[in-house]
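Below is one structure, written out as structure tokens; the observations come after it.
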Amino acid sequence: MDNTVRFLLYNIRYAAGAELNFHFPVPYSGYFRRTSDNLALIARFVRSVHADIIGLLEVDGGSFRTGRRSQAEEIAQGLGHYHVYRCKYGCDSLAHSLPLLREQGNALMTNREIQSERCHYFSVGVKRLVLEMELEDVVVVLVHLSLKYRHRQYQLMELRSWLREISKPLIVAGDFNLFRGVRELQPFLEATGLRNGNCAGYASHSSRNPRRQLDFILHSRQIEITHFQVPHIPYSDHLPLYCDFEIRQDLKGASPT
């Protein structure tokens, strides 16, 4: 890899729109409209960031909203990136069998060679997907945790056990839904040795009036964040996060923790 790598994280809400537009003419009606116009705006923003690795949450895999086209594939093709996409509900979940919900997932994209990819599912919660993508010098793990506090804690325990198997420099990113605040994450950080890239505590939700940190880019000690930004982009209910990072050569072969 080059010395500096740019990572972008964005919960795009299926390109269904931000708050005012999303709830017009009735609450949540944005979920049932065509998304091509807003997706074009999102794709244009994503291109402008010039990220090497991209994690997208709440991506439509090809429902009626997109004219049966995968949003992940469409964005990745426009960038010339490889991509990995999976439904965010477990195969044994009722949500996975319903026409609209089974097309709702998460995706990882990169302009680097993918060495391997893995898919895990938490044992609890509705949103269960954990996407893992291994590149030459870094492993990226993408998550979208449960809305329920108890389920989030179980999910973090499971995630911690999976991360023990990873020896390369590590990025763990996603929508953690920490509605009780960042303190929810502290036991997980202490157990894994991961660090929060958002040192300044920038809020990412809601995009209209950001007050909460729900989206996180965590990293192992072999990674040094050189730049971190939360731009005010109004195309979803979440703001995007992106950072530049470098692999610390003095710790390249060291344990992530």
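Just so you know, all these numbers are worked out from the coordinates, no wet-lab data involved. This is a predicted model, so every value here is computed, not measured. Here the Cβ is made from the backbone with ideal geometry for all residues, glycine too, and neighbour counts use every protein chain on show.
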Using only the alpha-carbon atoms, what does the chain span along each of its principal axes? Please give whole angstrom values in decreasing order. 55, 38, 34
To the nearest 20 debye, the chain has a Cα-centred charge dipole, built from +1 on Lys and Arg Cβ and -1 on Asp and Glu Cβ, of 860
In debye to the nearest 20, the charge dipole size for the stretch 81-222, taken about the Cα centre with +1 at each Lys and Arg Cβ and -1 at each Asp and Glu Cβ, equals 680
Report the Stokes-Einstein translational diffusion coefficient (µm² s⁻¹, integer) for the stretch 139-257, Rh taken as the Kirkwood radius over Cα pairs, at 10 °C with viscosity 1.306 mPa s. 107
Who wins for biggest fluctuation among Ala15, Ala173, Ala51 in a Gaussian network model of the chain, springs between alpha carbons below 10 Å? Ala51
GNM on the chain, Cα springs under 10 Å; top mean-square fluctuation among His205, His219, His23 goes to His23
The chain: longest stretch without exposed GluC sites (Glu not before Pro) (DSSP loop, at most 14 other Cβ within 10 Å), sites themselves excluded? 1-112
Ratio of Rg to Rh for the stretch 36-165, alpha carbon only, Kirkwood? 0.97
Would you tally the net charge around Leu57, using a Cβ to Cβ cut-off of less than 9 Å, leaving Leu57 out, and scoring K and R as +1, D and E as -1? -1
Could you grab the Rg to Rh ratio for the stretch 33-109? Cα atoms only, Kirkwood for Rh. 0.98
Give, rounded to the nearest 20 debye, the magnitude of the charge dipole that the stretch 1-108 has about its Cα centre when Lys and Arg contribute +1 at Cβ and Asp and Glu contribute -1 at Cβ. 220
In the stretch 1-80, what chymotrypsin sites (Phe, Trp or Tyr not before Pro) fall in a loop by DSSP, with at most 14 other Cβ atoms inside 10 Å? Tyr28
